[in-house]
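Worksheet for the structure shown next.
The values are calculated or read from the model by the stated rules, or taken from the named source; none is laboratory data. Please read these numbers as outputs of a predicted model, since none were measured by experiment. When we count neighbours, we look across all protein chains shown, and the Cβ atoms used for this are built from the backbone with ideal geometry, even at glycine. To get the accessible areas, we keep the full protein, side chains included, count just its heavy atoms, and leave off ligands, DNA and RNA. Shrake-Rupley method; radii C 1.70, N 1.55, O 1.52, S 1.80 Å.
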Amino acid sequence: MAARVLCAQAFTRPRVSRTLTTFLRLYTTPAPTPSAIPVLGKTYPTDAYTNITPAIVSKVSRQLHLQDGHPICTLRALVEDHFADFAHLRSVSPLVTPYQNFDSLSFPEDHPGRSKTDSYYLNQDMMLRTHTSAHEVEVFSEGKERWLLTADVYRRDEIDASHYPVFHQMEGAKIVSSDEAGVQAMEEDSRRLEHELSQSNIIIEDVPHVSGTNPAQPEHDPRHSEIMAKNLKLSLNSLMYKLFAGVAGATKEDPLRVRWIEAYFPFTSPSFEVEVFFRGKWLEILGCGVVLQSTLDRANVANEMGWAFGLGLERIAMILYSIPDIRLFWSEDPRFISQFKAGDITTFKPYSKYPESYRDVSFWKPQEGLHENDVYDVVRDIAGDLVEDVKMIDQFTHPKTGRESMAFRVTYRSMDRSLVNDEVNALQEQVIERLREHLRVEIR
Ligand code: DAH
């Protein structure tokens with residue numbers, strides 16, 4: 001059956017210039033998975049787990065959090081400034097073992113995050129970290145008791161203005177000896193923070209530090225657990241005030257509003273999420289909790305206890321700088337980066353938005369099944385940052401044959417220039433070819 005490109009603007013068969021086609025072929029034709037992949041100067045043998053794509057490999061060396069003046073870098077420095085007496089780690093390789101990413105944090109064997117559809121694997125023994133928590137055991141085992149670690153993290157995900165397969169997180173942690181001296185030090189710090197916050201224009205919706213549904217760990221004295229959770233909350237309320245007081249209200253009539261929610265993470269108990277009220281909506285900002293004792297045992301600091309949090313930087317930077325599309329962080333257009341000065345938070349001035357162009361593709365799923373994330377990675381790998389959005393627009397099962405059909409709309413737009421129709425058609429042809437050859441779909 002012939003490939004059909006449903007085209008929004010013109011319903012003609014794409015006529016593609018020869019040079020462009022040749023270029024795209026050379027650049028994007030699906031090579032069978034090579035036997036080894038070089039990443040950050042080392043070569044890794046591939047296997048049935050390998051699903052990392054060249055588009056992703058090209059991101060591992062960018063290090064936006066270290067690029068002077070970049071919003072992600074300024075935000076990182078701001079948080080570090082707030083936790084001034086913490087160790088500040090910034091250059092830890094994104095390549096980790098599944099043990100580091102999951103087992104060291106007591107993730108169950110069947111946790112969905114482990115699957116190839118959710119995470120990027122170089123092979124079954126090596127992956128790209130999906131969160132900065134992957135480094136907790138190694139950092140605690142270096143004897144660090146107060147630390148922040150900033151890094152790029154990778155997750156297979158949908159494509160739109162606020163989802164990108166690479167983003168940045170900051171992990172923060174503080175532990176003390178679990179004897180009276182350590183616990184008292186925490187309490188003293190909490191008194192200082194409480195005093196500071198009492199003079200700030202902030203309203204906090206709280207939940208109990210410890211409860212039946214969000215329990216202290218059996219290894220912990222429940223009173224100690226309360227004290228850790230309280231210090232965690234005060235430390236983060238104070239950080240939220242520092243980050244958001246200037247933008248999310250915080251006038252006399254309109255104070256900053258922070259809300260605490262009970263949560264679940266495999267590596268903390270009790271666990272919480274923090275949300276901030278911004279422009280009429282509650283925004284999820286971070287996850288945190290009292291560190292699971294088994295994590296600290298693995299790090300050989302069994303006689304300590306404390307808290308940890310994980311903060312996503314892009315979402316916060318989008319708010320603080322009014323950046324409308326997550327792809328902009330990766331733009332190498334001087335009109336983006338030249339707007340910003342290290343240390344200053346300023347409002348992003350949009351430069352002209354070039355027109356979008358969308359194409360639809362529909363197909364029968366292969367017998368062996370297909371995950372949406374596989375489609376997103378094909379598009380991302382071929383079109384890179386020229387793809388703005390991919391949405392599943394239709395799905396049905398044929399009543400007679402039982403075959404499943406899916407349709408996707410791919411929206412192309414460049415941040416830096418106008419795309420010509422031929423170019424978009426050529427990209428879409430490549431997408432279709434790759435869907436056929438790699439994912440074995442039958443184009444409808
Ligand atoms: N790693 C979690 C995530 O990416 C966030 C997180 C939750 C980090 C709780 C923590 C924590 O340190 O204690 O969703």
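At 20 °C and 1.002 mPa s, what whole-number value in µm²/s does Stokes-Einstein give for the translational diffusion of the chain, with Rh from the Kirkwood sum over Cα pairs?
On the way: Rh = 23.9 Å.
Approximately 90 µm²/s, per Stokes-Einstein.
Remark: segment 118-170 carries a charge dipole of roughly 100 debye about the Cα centre, counting +1 on each Lys and Arg Cβ and -1 on each Asp and Glu Cβ.
Rounded to the nearest 20 debye, what is the charge dipole size of the chain about its Cα centre when +1 sits on each Lys and Arg Cβ and -1 on each Asp and Glu Cβ? List each step's numbers first, then the result.
Working: 49 positive and 63 negative charges, 409 e Å.
Dipole magnitude for the chain comes out near 1960 debye.
Mind checking which helices in the chain clear 30 Å along their axis (Cα) and have mean Kyte-Doolittle hydropathy of -0.5 or more, DSSP H runs only? Mind showing how you got there, number by number?
On the way: long enough: 222-244 (32 Å, -0.14).
What comes out of the filter, once short or polar helices are dropped, is 222-244.
Each listed q (0.17, 0.21 Å⁻¹) maps to a log10 I(q)/I(0) for segment 115-265, found by the Debye formula over equal Cα scatterers with no solvent: -1.22, -1.36.
For the pair residue 146 and residue 331, label points projected 7 Å from Cα toward Cβ lie 3.9 nm apart.
With a 1.4 Å probe and all protein chains left in place, how much of the accessible area of segment 236-386 comes from carbon and sulfur atoms, in whole percent? After summing per-atom areas, the C and S share lands at 50 percent.
I need the Kirkwood Rh of segment 99-144: take the reciprocal of the average 1/r across all distinct C-alpha pairs and report it in angstrom. It would help to have the intermediate numbers written out before the result.
On the way: mean 1/r = 0.0887 Å⁻¹.
Taking every pair of different Cα atoms in segment 99-144, averaging 1/r and inverting gives 11.3 Å.
Along its principal axes, segment 354-443 has C-alpha extents of 46, 21, 21 angstrom, given from the largest down.
Take the Cβ-Cβ distance between residue 254 and residue 347 as r, set R0 to 22 Å, and report the resulting FRET efficiency rounded to the nearest 0.05. Before the final figure, lay out the partial values.
Numbers: r = 19 Å, r/R0 = 0.87.
Working from the Cβ atoms, E equals 0.70.
In this structure, the residue pairs whose Cα-Cα separation is over 27 Å, taken from 59/391; 230/341; 42/174; 144/242; 242/281; 174/281, are 230/341; 42/174; 174/281.
Cβ-Cβ distance of residue 443 and residue 111, R₀ of 35 Å, FRET efficiency by 1/(1 + (r/R0)^6): the value works out to about 0.50.
Rounded to the nearest 500 deg cm²/dmol, what is the calculated helix-only ellipticity per residue at 222 nm for the chain, with -39500 (n - 2.57) per DSSP H run of length n ≥ 4? Can you show the working numbers first?
Numbers: 12 runs with 129 residues, N = 444.
So the helix-based figure for the chain works out to -8500 deg cm²/dmol.
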